Structure formats: C-alpha cells, structure tokens
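Engineer: I am attaching a structure below and will ask some questions about it afterwards.
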C-alpha cells in the first residue's frame with residue numbers, strides 16, 4: 001500500500017466506516033471491522049477518531065450529506081414532487097439504505113450522545129433543504145401560503161416522522177402508497193400546492 005498522509009488515512013477510515021454503515025448499519029461498525037475494511041490497524045482507527053461513537057457520528061453526517069446530493073440528482077417534474085422526494089415519499093432504491101440508517105440513528109439517540117448530536121445536525125440540514133424547496137416552490141408560483149416557510153417545514157417533518165412511525169408498525173390500511181397519499185394531502189393543505 002502506498003504511503004498515505006494523515007488526512008488521507010483518516011479519510012480512508014471514514015470511507016470504510018461509511019460503506020459498512022450503509023451496507024450493514026451501525027451495529028456492524030466495530031473498530032476491528034472498520035480497520036479491516038480500511039486495510040489498517042485498529043490503532044490507526046483510534047488514532048484518528050476519539051471513539052467508535054465519534055466515527056459512527058461522523059460517518060452518519062457524511063452519509064446524510066451524500067443522500068442530499070443523490071436527491072439533488074433525481075429529476076422531478078415540479079416542486080410538489082421534489083418536496084415529496086425530500087420528505088421520503090418517493091421509493092427510490094438508491095435512497096433506501098440511507099433511510100434505513102436514518103431510522104437506526106433515530107433509535108440510538110437515547111443511547112449515544114455522539115449519534116444524537118449527529119442526528120441533530122442531519123435534522124437541521126434536512127429542515128434547511130425543505131425550507132429551500134418550499135421557498136423555491138413559492139417563487140415559482142406552485143406553492144401559495146402565508147405562514148413562515150420554516151414553521152411549515154417543521155410541521156411537514158413532524159408529520160412524516162410520525163406517520164413513518166405508524167407505518168413501521170405495519171398496521172392494516174397504511175401501506176407505502178397510503179404514506180405518500182397522506183403526505184401529499186398535508187403538503188397541499190400547508191402550501192395550497194397545485195397539481
């Protein structure tokens with residue numbers, strides 16, 4: 001293996017951690033596993049990251065930024081569909097591993113302060129993306145609303161997070177199509193969105 005400077009080795013470890021997280025989740029992200037994937041020693045992992053939680057949190061933030069980039073590359077026909085995509089209603093196979101990791105992080109926030117901090121950062125970034133899309137839709141004349149776009153974004157996020165919790169219970173009468181339908185109803189109600 002060629003010589004890697006400090007930043008390159010750290011980035012190599014982080015990329016390995018991101019790959020393990022995306023493919024297998026947080027539980028597979030042991031220091032030994034990351035070291036193996038990065039083809040380095042566990043000592044190097046500990047040298048570059050203060051703890052396994054720190055590594056998991058940093059990998060999570062980077063993966064959520066990567067998800068944002070992927071979503072930005074998906075073509076949508078209008079602001080309503082773009083907002084629906086950002087709220088997790090579009091079933092795009094490439095996005096699913098990121099959403100699974102998001103859900104796993106949500107479970108871990110009570111157990112791991114580093115993950116909680118990373119989740120908070122990711123949630124703030126998600127909110128900014130939603131606000132940006134709402135404002136863009138208003139500028140383009142697709143959304144009409146009097147309320148504050150930041151408040152609307154928080155309500156939409158709260159709605160989809162709550163609905164997803166119900167959806168994950170597997171209750172009869174709430175499938176993927178229902179999830180999307182209910183979310184679009186709320187978007188339209190909040191933004192007077194035109195179809």
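Engineer: What number of residues within the stretch 74-124 are in a helix (DSSP H, G or I) and within 15 Å of the chain's Cα centre (by Cα)? Outline the logic, then answer.
Structural biologist: At the first step, the residues of the stretch 74-124 found to be in a helix (DSSP H, G or I) are 79-86, 93-108, 113-124.
If we keep only those that are within 15 Å of the chain's Cα centre (by Cα) too, we end up with 83-86, 93-108, 115-124.
Matching residues across the stretch 74-124 total 30.
Engineer: Right, something else. If you go through the stretch 43-58 one residue at a time, how many are in contact (Cβ under 8 Å) with a residue 60 or more places away in the chain, over 14 Å from residue 108 (Cα atoms) and not in a loop (DSSP other than H, G, I, E, B)?
Structural biologist: 1
Engineer: Now a separate question. Would you confirm, using the coordinates I've provided, whether residue 18 is in a helix (DSSP H, G or I), within 21 Å of residue 120 (Cα to Cα), touching a helix residue (DSSP H, G or I) at 6+ places or on another chain (Cβ under 6 Å) and not assigned by TED's automatic domain parsing to the domain that holds residue 165?
Structural biologist: Yes, satisfied.
Engineer: Pick from the stretch 4-26 the residues that are surrounded by fewer than 18 Cβ atoms within 10 Å (Cβ to Cβ) and in contact (Cβ under 8 Å) with a residue 60 or more places away in the chain: which of them is farthest from residue 108 (Cα to Cα)?
Structural biologist: Among those residues, the one meeting the criterion is 23.
Engineer: Which numbered condition in (1) under 23 Å from residue 58 (Cβ atoms); (2) out of contact with any helix residue (DSSP H, G or I) (no Cβ under 7 Å at 6 or more places or on another chain); (3) free of Cβ contacts under 8 Å to residues at least 12 places away in the same chain is the only one that residue 123 fails?
Structural biologist: Among (1) under 23 Å from residue 58 (Cβ atoms); (2) out of contact with any helix residue (DSSP H, G or I) (no Cβ under 7 Å at 6 or more places or on another chain); (3) free of Cβ contacts under 8 Å to residues at least 12 places away in the same chain, the lone unmet condition for residue 123 is (3).
Engineer: Shifting gears a bit: Do any residues in the stretch 162-186 that are closer than 15 Å to residue 86 by Cα have Cβ atoms under 7 Å from those of residues that are at pLDDT 90 or above and not in a helix (DSSP H, G or I), where the two are at least six apart or on different chains, and which pairs are they?
Structural biologist: Partner pairs satisfying both residue conditions: 183/87.
Engineer: Now a separate question. State yes or no: is residue 61 part of a helix (DSSP H, G or I) and under 30 Å from residue 191 (Cβ atoms)?
Structural biologist: Working: part of a helix (DSSP H, G or I): yes; under 30 Å from residue 191 (Cβ atoms): yes.
Criteria met by residue 61.
The values are calculated or read from the model by the stated rules, or taken from the named source; none is laboratory data. Keep in mind the model is a prediction, meaning the values are calculated, not measured. Heads up, the Cβs are rebuilt from the backbone with ideal geometry, glycines too, and the neighbour counts pull from every protein chain shown.
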